[in-house]
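Q: Once you've had a glance at the structure underneath, I'll fire off some questions.
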Amino acid sequence: MSIDTVAATDLQTNFAPIPACANPVRITECCSWEELDHYRSDWVQLLADNPNLGIFCTPEWLGPWWHAYGYGRSLMALVFADQHGETVGVAPLYRERSGSAGFIKANILRLVGDGSGDSDDLDFVVRPGYEGAVAAAFLHWAERKPWHICELNCLSPRSTVATHLLELLRIGGWKHVRRDRALVSVQLPETWALFLKQLSSKERGKVGNRLRRLETRHQLTFHRCEQTGELAEYLGTLFSLHQKRWESRAERGSFSQPQRVQFYRGLCALLTNRGWLELWTMKMDGMPVAAQIGLRYRNSVSSLQEGFDPDYSADSVGYVLRSHVLRSCIASGINRYEFLAGDQDSKQRWGAEMGNYIDIRFAHPGCSGAAHFVASESLRSIKGWFRERLPQELWKKLQQAKGKLVSN
């Protein structure tokens with residue numbers, strides 16, 4: 001983590017000019033999703049041209065997200081074109097009024113997909129070779145717009161745009177901070193037997209033993225949703241099992257939010273038609289006991305959400321379904337399984353590799369933007385200090401209380 005020194009008594013208002021780029025681009029701003037959708041074919045082509053971009057940068061993911069979560073937020077999506085008028089980049093951004101700076105309300109600029117806890121591996125969608133030009137044009141545009149803090153969260157570790165942005169922010173003297181957040185992924189070999197060899201001997205034994213133990217006592221069946229007509233049933237199973245698990249622990253589950261339910265319904269209808277949906281259920285004696293949803297894109301599968309019946313937790317039904325899904329992925333030629341953000345032990349047991357997403361946070365080059373930035377960074381520091389020192393259970397209860405206040 002690197003952070004520029006920020007002091008409330010030393011707010012810079014004179015910034016170095018952003019260096020000119022060899023490939024200048026012009027920007028078109030889209031203030032509605034309908035306007036942005038005019039560039040969908042260009043967007044899709046940019047994704048095809050850039051193998052570093054994942055499913056969270058596609059219109060299939062971001063469109064349903066915006067329709068579910070966009071209320072009260074202002075779309076400020078940018079389309080970048082070269083001197084010949086060809087689209088070379090898309091940056092789906094939005095602005096919202098937020099209490100990110102503590103008691104001070106600030107205008108926050110974010111990528112579409114961020115702010116709900118659903119999206120990972122975000123990025124600007126840019127044709128290779130134009131990353132520097134797009135980053136420079138974006139900052140030139142940002143200087144003239146009404147916002148205080150820009151948060152570009154969960155950027156891909158492969159993001160070249162992020163590298164250029166950080167350098168331009170440093171050169172220009174913009175108040176900014178870079179933070180890393182853990183991500184976990186598993187490299188999948190060509191066969192299930194080779195995958196098992198990647199696991200510890202203890203974990204290898206658990207994979208086989210837990211499945212065999214259930215098979216001797218129950219009739220197990222595994223099903224993958226493959227048609228849109230099946231979605232309502234499969235999603236209903238996922239939602240109910242996920243909520244049942246968390247509510248048994250007196251916690252709110254992810255699908256207690258109507259917006260997330262709406263998002264998943266709209267998303268899954270699109271993904272099923274493209275063959276990108278990995279929505280699985282596991283039944284014991286005909287009764288669903290575990291469910292899992294993931295995204296298939298290029299040669300990888302990303303795990304999103306799961307649920308299982310807590311009445312069968314001793315049978316490790318979620319674990320058994322996970323192993324079945326991994327085996328299916330390998331059989332279909334998938335070579336990477338993404339657990340996404342977070343480094344929980346439950347992810348690392350599968351022979352996972354650790355990496356980092358990138359968060360970039362910076363202030364508008366003006367006194368008010370820098371003041372908001374200072375206030376919000378100070379608040380984050382105080383929050384971090386308490387989190388490190390309070391007992392984990394107390395911290396958890398405080399966060400739950402905060403969530404209830406926000407929802408009310």
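Rule-based calculations on the coordinates, nothing more; no lab input. Please read all numbers here as calculations on a predicted model, not as lab measurements. Cβ: placed from backbone, ideal geometry, glycine included. Neighbour counts: every protein chain shown.
Q: Apply 1/(1 + (r/R0)^6) to the Cβ-Cβ distance of Met287 and Asn209, taking R0 = 22 Å, and write down the FRET efficiency to the nearest 0.05. Let's see the in-between values first.
A: Numbers: r = 22 Å, r/R0 = 1.02.
E between Met287 and Asn209, to the nearest 0.05, is 0.45.
Q: Give me Met282, Met287 sorted ascending by neighbouring Cβ count inside 10 Å, so fewest comes first. Spell out each step's value before the answer.
A: Working: Met282 26, Met287 10.
Going from sparsest to densest Cβ surroundings: Met287, Met282.
Q: From the phi angles alone, apply the Karplus equation (6.51, -1.76, 1.60; θ = phi - 60°) to region 243-253 and give each ³J(HN,Hα) in whole Hz, x where the residue is Gly or Pro.
A: Running phi through 6.51 cos²θ - 1.76 cosθ + 1.60 with θ = phi - 60° gives 5, 4, 5, 6, 5, 5, 9, 6, 10, 7, x Hz.
Q: Here is a follow-up. Can you sort Ser240, Ser200 so the residue with the fewest Cβ neighbours within 10 Å comes first? Before the final figure, lay out the partial values.
A: Numbers: Ser240 16, Ser200 10.
Sorted ascending by nearby Cβ count, the order is Ser200, Ser240.
Q: Hey, could you pull the Cα Rg and Dmax for region 189-334, both in Å?
A: Cα radius of gyration and Dmax of region 189-334 are 15.5, 43 Å respectively.
Q: Looking at the calculated P(r) for region 201-275, what percent of the C-alpha pair distances fall above 15 Å? The partial results should precede the final answer.
A: Working: 1907 of 2775 pairs.
Within region 201-275, distances greater than 15 Å cover 69 percent of Cα pairs.
Q: From the square roots a ≥ b ≥ c of the eigenvalues of the alpha-carbon gyration tensor of region 311-370, which class results: rounded (a/c under 1.5), prolate (a/b over b/c), or oblate?
A: Details: a/c = 3.85, a/b = 2.30, b/c = 1.67.
Taking the square roots of the gyration eigenvalues as a ≥ b ≥ c, region 311-370 is prolate.
Q: Can you list, largest first and rounded to whole Å, the semi-axes you get for region 137-240 by taking the square root of 5 times each eigenvalue of its Cα gyration tensor?
A: Working: eigenvalues 439, 104, 31 Å².
Those come to 47, 23, 12 Å.
Q: Counting other Cβ atoms within 10 Å, which trypsin sites (Lys or Arg not before Pro) in region 226-327 have at most 10 and lie in a DSSP loop? Before the final figure, lay out the partial values.
A: Numbers: sites: Lys244, Arg245, Arg249, Arg252, Arg260, Arg265, Arg274, Lys283, Arg296, Arg298, Arg322, Arg327; in loops: Arg249, Arg252, Arg298.
Sites meeting the loop and neighbour criteria: Arg249.
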